[in-house]
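Worksheet for the structure shown next.
The values are calculated or read from the model by the stated rules, or taken from the named source; none is laboratory data. The structure displayed is predicted, hence computed values, not measured ones. No Cβ is skipped: glycine too gets one built from the backbone with ideal geometry, and neighbour counts run over all protein chains shown.
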Amino acid sequence: MGYGLAAALGWGLADFGAAVAGRRLGSVATALVSQSVTALAMTALFVAGHHRLSELAPIAGWVVVSGTVSASAYLAHYHALELGPVAVVSPIGAAYALVGLVLAVALLGERPGALALVGGVVTVLGVMLSSTNLRGLTTGTREGAGPGVRWALASMVLFGVGAFFLGWFAQRVGWVPGLWASRVAQVVGLTVVAGVRRADLRRARTGRGTGAAVLVGAADLVGVVAYSAGAAAGFISIVLVASAVFPLITIALAIPLLGERPVANQYVGVALVVVGLLMLGLG
């Protein structure tokens with residue numbers, strides 16, 4: 001559980017930073033810069049630990065899949081944070097734990113208790129509430145929670161799959177080789193996308209928001225290292241769910257510093273997501 005909470009701290013700070021950096025750099029450049037930081041740091045750990053490429057043989061066929069999924073998840077999530085509102089987007093993204101939990105149960109045989117199952121239902125209800133503006137629906141305006149919600153829902157699924165892979169890699173080959181391989185593959189994918197979106201890269205070269213993106217990478221590094229180390233030491237499902245409380249940190253920063261004001265039912269939805277994730281962890 002401690003590993004998961006450490007991951008939550010890193011990811012909560014990273015989400016807030018990504019919202020700030022993304023609105024200056026664009027989501028593509030923010031993802032590329034921040035994830036390059038994590039890839040470079042993991043390369044240093046990989047070399048310092050005298051690891052060898054041959055250690056990756058058991059997961060070699062899945063590294064490309066993991067890198068593609070994770071790169072897509074970061075692009076979708078950072079774009080959602082760029083569009084906002086962060087106090088709604090972050091909790092929706094955090095429901096990735098539910099996707100990862102289903103995969104851990106189905107593929108690794110991990111067995112949550114009844115409380116965890118109830119928590120899963122509560123989390124889903126919370127996501128539905130936080131992603132809908134009921135006031136807009138009742139007045140016939142069809143106003144949703146904002147343009148970032150669809151991207152947040154996509155990142156939720158992608159992050160769940162990516163987190164499962166990352167935890168499985170850590171258990172199969174150790175967290176340093178597994179995380180290094182995943183991050184290198186991810187940066188390759190982001191570089192390809194960035195080559196197409198050259199406008200974002202031009203903004204990055206001016207230095208506008210680049211420092212913030214580097215700090216996002218540092219915070220994300222804390223999150224992925226804690227998560228991977230925790231997954232290697234125990235159940236993926238436990239670390240997944242504990243890490244998913246990171247929106248508490250993001251929301252605590254976004255409301256006073258970014259001036260966000262979600263509607264009442266979205267606050268209820270955010271609360272249900274947090275409660276549901278905690279129930280999942282306890283179960």
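Being touching a residue at least 60 places away in the same chain (Cβ under 8 Å) and touching a His at 6+ places or on another chain (Cβ under 7 Å) narrows it down to one of Gly49, Gly93, Gly67, Gly84, so name that one. Break it down stepwise before answering.
Working: Gly49 fails: touching a His at 6+ places or on another chain (Cβ under 7 Å); Gly67 fails: touching a His at 6+ places or on another chain (Cβ under 7 Å); Gly84 fails: touching a His at 6+ places or on another chain (Cβ under 7 Å).
Residue meeting the stated conditions: Gly93.
For region 42-53, what are the residues that are surrounded by 15 or more Cβ atoms within 10 Å (Cβ to Cβ) and within 18 Å of Ser70 (Cα to Cα)? Lay out the reasoning, then the answer.
Taking region 42-53 first, the residues surrounded by 15 or more Cβ atoms within 10 Å (Cβ to Cβ) are 42, 45-46, 51.
Across region 42-53, the qualifying residue is only Met42.
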Practice task
Please name all residue pairs, on different chains or six or more residues apart, with Cβ atoms under 9 Å, provided the first residue is in region 186-202 and is assigned to a loop (DSSP other than H, G, I, E, B) and of a type outside the set (Val, Ile, Thr) and the second residue is at pLDDT 75 or above and surrounded by fewer than 18 Cβ atoms within 10 Å (Cβ to Cβ).
Solution key: none
Fill in the blank from the handout: The condition of being in a helix (DSSP H, G or I), over 14 Å from Trp11 (Cβ atoms) and touching a residue at least 24 places away in the same chain (Cβ under 8 Å) holds, among Ala212, Ala218, only for Ala212
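Rundown of residues vs (1) surrounded by fewer than 24 Cβ atoms within 10 Å (Cβ to Cβ); (2) under 27 Å from Val192 (Cβ atoms); (3) among the aromatic types (Phe, Trp, Tyr), yes/no style:
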position: Ala7; (1), (2), (3): no, no, no
position: Leu13; (1), (2), (3): yes, no, no
position: Gly17; (1), (2), (3): no, yes, no
position: Gly22; (1), (2), (3): no, yes, no
position: Leu25; (1), (2), (3): no, yes, no
position: Ser36; (1), (2), (3): yes, yes, no
position: Leu40; (1), (2), (3): yes, yes, no
Exercise for the section: Could you tell me whether Gly230 is of a type outside the set (Ser, Thr, Tyr), at pLDDT 80 or above and out of contact with any Ser or Thr (no Cβ under 7 Å at 6 or more places or on another chain)? Expected result: yes
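Yes/no matrix, rows are residues, columns are (1) surrounded by 21 or more Cβ atoms within 10 Å (Cβ to Cβ); (2) among the acidic types (Asp, Glu); (3) at pLDDT below 90; (4) within 17 Å of Leu32 (Cα to Cα):
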position: Trp175; (1), (2), (3), (4): yes, no, no, no
position: Gly178; (1), (2), (3), (4): yes, no, no, no
position: Val184; (1), (2), (3), (4): no, no, no, yes
position: Leu215; (1), (2), (3), (4): no, no, no, yes
position: Val224; (1), (2), (3), (4): yes, no, no, yes
Practice task
Using the structure shown, decide if Val64 is surrounded by fewer than 22 Cβ atoms within 10 Å (Cβ to Cβ) and either of a type in the set (Val, Ile, Thr) or within 14 Å of the chain's Cα centre (by Cα) (or both).
Solution key: yes
Exercise for the section: Filter region 226-250 for residues that are surrounded by 24 or more Cβ atoms within 10 Å (Cβ to Cβ) and more than 30 Å from Arg172 (Cβ to Cβ) and give the result. Expected result: Thr250
